[in-house]
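Inspection log for the structure reproduced underneath, given as C-alpha cells.
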C-alpha cells in the first residue's frame, strides 16, 4: 500500500511538473514570437524613417515642400552627397548604387558585402548574412542610381534569447518547486488513507473496533466509520455461522 501511495504521489508530482513545464514553454514561445514581431516592426520603422530623411534632403535641395514630386534625376545626383554626410548607427547600413557602382560601404560601422548588395532584388525584403544574420532592407530606385537602407536585427535577437534564457532558468526552478509542492500536498491527501489502513490492520489483529477519532480528515473518518460497521457485521456473521445480519 505504501509503495502504491508513493507511486501515486510521484505521478501526481510528475504530472504537475509536466503541466507547469508545458505552460512555461508555451509562454516562452509566445513571448519570443511577440518580441520578434516587435523587432521586425521597429526595423521597418527605422528603414522608413531613413528613406523619409533622404527624401526630405532632396526636397530641401530642390527647394520644394512636398516629397511626392521629387525629380529622380536630381535625387540620383544628390545621393553621393547625402551618403557622405551620413553616419549610420551600429545596426544600420546605407548603400548607394550609382551607374552600377556601389558606394557608401566604407562609412558604415557594419558594412555590407558587395556581393550581398548586388543580390538584393526588388523593393524590400530580408537577406541572410553569415556575419550579421537577418538583415531587413529596402531599396529606392532612382534614374541611374539606387539607395539601399539595411537594418540589422541580430543583436536584438541575441538580447531576446539571453533574456528568455534567464526566464527559462527561473521557470525551471519554478517547475521544480511546483513538483515539490505537489509531492507535499499529495502527502496530505494520502496520509489519512495510510492511517485508515493501519487502523484496519490493528482492528483485525486485535479483534477490536476502529479508532475513528485517531484518523485525520472528516471524509476519511466517515469512511472509517463505514468500514468499522462493515467489519463488525462481518465478525457477527462469522460468529453466527456465516448468517448475514
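Readers should treat all values here as calculations from the given coordinates under stated rules, not as data from a laboratory. All of these numbers come straight from a predicted model, not from anything done at the bench. In this analysis, Cβ positions are derived from the backbone assuming ideal geometry, glycine residues included, and neighbour counts consider all displayed protein chains.
Structural remarks
- Percent of C-alpha pairs per 10 Å bin, the range 14-53, short to long: 28, 26, 19, 15, 9, 3
- At R0 = 35 Å, FRET efficiency that the Cβ-Cβ distance of residue 118 and residue 31 yields, to 0.05: 0.40
- Shape box of the range 13-154 [Cα atoms, principal axes, largest first, Å]: 73, 34, 25
- Relative contact order of the range 66-182: 23 percent, from C-alpha pairs under 8 Å at least 6 residues apart in sequence.
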